[in-house]
Amino acid sequence: MKELPIADIFLSLQGEGHNAGMPSWFIRIAGCNVGCEFCDEKKAWNKNNFKTMNLEEIFFPIQSSQVKNLVVTGGEPTMYDLTDLTKKAKTLGLKTFLETSGVNEITGQWDWICVSPKQNKEPLQYSLTKANELKVVIEEDKDLTFAEKMKSFTNPTCLHYLQPQWTEKEKAIDIIYNYILANPTWQLSLQTHKYLNIK
Ligand code: SF4
């Protein structure tokens, strides 16, 4: 890997899913080949708006930190070969967490893979079988059918989360609440970073 287009590198708490509350470094890689209407990171879609960085530059703020969790997100980070990025992270003793929609092949060495599939571009079934965590965004009742379809491709140890679409969260939380009580293999994921107004 030569360089990656980097939209942001920051330290914060993981806001959502199974690892919510976990102090983590985030590398937001620019570029996305999915294009969801509700995306809250549209500014990261165009990689040409960001400068590229080599591994030394990417890990400069991270390498001496006490925080040893690294979340790689986007955009859609699997547009790139992440083998060298995760190799470098491992040499620094970091635990590696991937956030992906699952539409591309997954490269690299990951301790945790969260697949958040999108209906406008369905994921590869292969990605779903690699997921430690499935996180489906829910806005309307019909999204639950999609969620169940995605769940059917996951492996038996995968955890399953339903997350309200932020701009429709009042309606979506009602739908999710009732659904989880009737289908208790699912759990609720909230975007706590948005409630806390942190990155
Ligand atoms: S896959 Fe993620 S980054 Fe890409 S458009 Fe959808 S929500 Fe946004």
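The values are calculated or read from the model by the stated rules, or taken from the named source; none is laboratory data. Not measured: the values here are computed from a predicted model. Glycine gets a Cβ as well: all are built from the backbone with ideal geometry, and neighbour counts include every protein chain shown. Quick note on the areas: whole protein, heavy atoms, side chains included, nothing else; ligands and nucleic acids left out. Shrake-Rupley method; radii C 1.70, N 1.55, O 1.52, S 1.80 Å.
Of note:
- Per-atom-type breakdown for the chain gives carbon and sulfur 52% of the accessible area (1.4 Å probe, protein chains only).
- The relative contact order of region 4-196, computed from alpha carbon pairs under 8 Å that lie at least 6 residues apart in sequence, is 18 percent.
- Scaled to the globular estimate 2.2 N^0.38 Å, the Cα spread of the chain, given as radius of gyration, is 0.99.
- Cα centroid separation, region 1-31 to region 43-91: 8 Å.
- Once all protein chains are placed together, Asp141 keeps about 100 Å² accessible to a 1.4 angstrom probe.
- Per-residue surface analysis assigns Trp112 an accessible area of about 50 Å², computed on protein heavy atoms at 1.4 Å probe radius.
- Solvent exposure, largest accessible area first (probe 1.4 Å, DNA, RNA and ligands not counted), of Ile173, Ile62, Ile180: Ile173, Ile180, Ile62
- Principal-axis tilt of helix 169-182 within the chain, Cα atoms, nearest 10 degrees: 70 degrees
- Largest to smallest principal axis extent of the C-alpha atoms in region 1-102, angstrom: 36, 32, 20
- Crossing angle, helix 142-151 versus the chain [Cα axis fit, 0-90 degrees, rounded to tens]: 60 degrees
- Bridge type composition, the chain - antiparallel percent by DSSP, nearest 5: 30 percent
- The mean accessible area for residues of region 1-113, using a 1.4 Å probe and ignoring ligands and nucleic acids, is 46 Å² per residue.
- Lys, Arg +1 and Asp, Glu -1 on Cβ, resulting dipole of the chain about Cα centre, debye, nearest 20: 460 debye
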